[in-house]
Amino acid sequence: MDCIFCKIAEGTIPSRKVYEDDHVLAFHDIQPQAPVHLLVIPKKHVASLDDASPEDLELLGRAMLAAKQVARDAGLTDSGYRVVTNIGPDAGQVVFHLHLHVMGGEKLAGLNPKNSSESDTRPS
């Protein structure tokens with residue numbers, strides 16, 4: 001399998017890790033969309049949330065708790081943070097290995113791309 005996140009999980013591609021346990025890994029996104037932008041991945045290859053099975057229930061919970069932990073460790077809990085997963089190409093999924101984006105560190109724009117300029121409250 002030629003999955004970049006699997007290679008990161010096995011250690012053959014380096015990353016800036018912020019969390020790791022037996023099941024989950026978190027690291028800095030190489031193309032951050034916010035001052036803090038971390039990725040949380042299961043070490044087991046699951047292409048997307050749509051491909052998760054009932055057997056993955058515990059793994060999905062571990063990934064969500066890891067997202068909470070890395071947000072806390074990054075100092076995001078007081079101001080807030082966003083946890084997002086993209087499922088499929090039309091939603092913006094580029095790497096087909098389930099991953100959670102943990103983003104924060106500033107007031108984040110709205111999620112509706114058609115109205116992004118209206119919902120973006122950051123100063124220009």
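The values are calculated or read from the model by the stated rules, or taken from the named source; none is laboratory data. Just so we're clear, the structure is a prediction, and the values are computed from it rather than from any experiment. Glycine also receives a Cβ, built like all others from the backbone with ideal geometry; neighbour counts cover every protein chain displayed.
Give me the residue from the stretch 51-66 that is closer than 18 Å to residue 91 by Cβ and surrounded by 14 or more Cβ atoms within 10 Å (Cβ to Cβ) and, out of that set, nearest to the chain's Cα centre (by Cα). Break it down into steps so the answer makes sense when it comes.
Pass one, the stretch 51-66, residues closer than 18 Å to residue 91 by Cβ: 51-52, 60, 63.
If we keep only those that are surrounded by 14 or more Cβ atoms within 10 Å (Cβ to Cβ) too, we end up with 52, 60, 63.
Working: 52: 16, 60: 12, 63: 9 Å.
Taking the candidates together, the pick is 63.
Is the stretch 67-74 home to any residue that is on the phi > 0 side of the Ramachandran plot and either loosely packed, with under 15 Cβ neighbours inside 10 Å or in a helix (DSSP H, G or I) (or both)? Spell out how you get there, then give the answer.
Here is the first cut: in the stretch 67-74, the ones on the phi > 0 side of the Ramachandran plot are none.
Within the stretch 67-74, none of the residues are on the phi > 0 side of the Ramachandran plot and either loosely packed, with under 15 Cβ neighbours inside 10 Å or in a helix (DSSP H, G or I) (or both).
Would you mention how many residues in the stretch 93-124 are at pLDDT below 90 and at positive phi? Don't jump to the end; show me each part of the working.
Taking the stretch 93-124 and keeping what is at pLDDT below 90, we get 109-124.
Now restrict to residues that are at positive phi: none.
Residues meeting the conditions: 0.
The residues on offer are 36, 70, and the sole one that is over 21 Å from residue 111 (Cα atoms) and modelled with pLDDT of 95 or more is 70. Filtered by the rule that a residue be crowded, with 19+ Cβ neighbours inside 10 Å, assigned to a strand (DSSP E or B) and either over 11 Å from the mean Cα position of the chain (by Cα) or of a type outside the set (A, V, I, L, M, F, W, C) (or both), the stretch 14-35 gives 18, 24. Hey, any hits in the stretch 93-108 for a residue that's loosely packed, with under 15 Cβ neighbours inside 10 Å and within 17 Å of residue 3 (Cα to Cα)? Within the stretch 93-108, one or more residues are loosely packed, with under 15 Cβ neighbours inside 10 Å and within 17 Å of residue 3 (Cα to Cα). When the stretch 1-13 is filtered for residues that are farther than 26 Å from residue 108 by Cα and not in a loop (DSSP other than H, G, I, E, B), the ones remaining, listed by number, are 4, 6, 7, 8, 9, 10.
Take residue 48 and tell me if it is hydroxyl-bearing (Ser, Thr, Tyr), more than 15 Å from the chain's Cα centre (by Cα), closer than 24 Å to residue 112 by Cβ and surrounded by fewer than 18 Cβ atoms within 10 Å (Cβ to Cβ). First the steps, then the outcome.
Numbers: hydroxyl-bearing (Ser, Thr, Tyr): yes; more than 15 Å from the chain's Cα centre (by Cα): no; closer than 24 Å to residue 112 by Cβ: yes; surrounded by fewer than 18 Cβ atoms within 10 Å (Cβ to Cβ): yes.
No, not satisfied.
Here 91, 52, 34, 26 are screened, and the one residue that is in contact with a Leu (Cβ under 8 Å, 6 or more places away or on another chain) and free of Cβ contacts under 8 Å to residues at least 60 places away in the same chain is 52.
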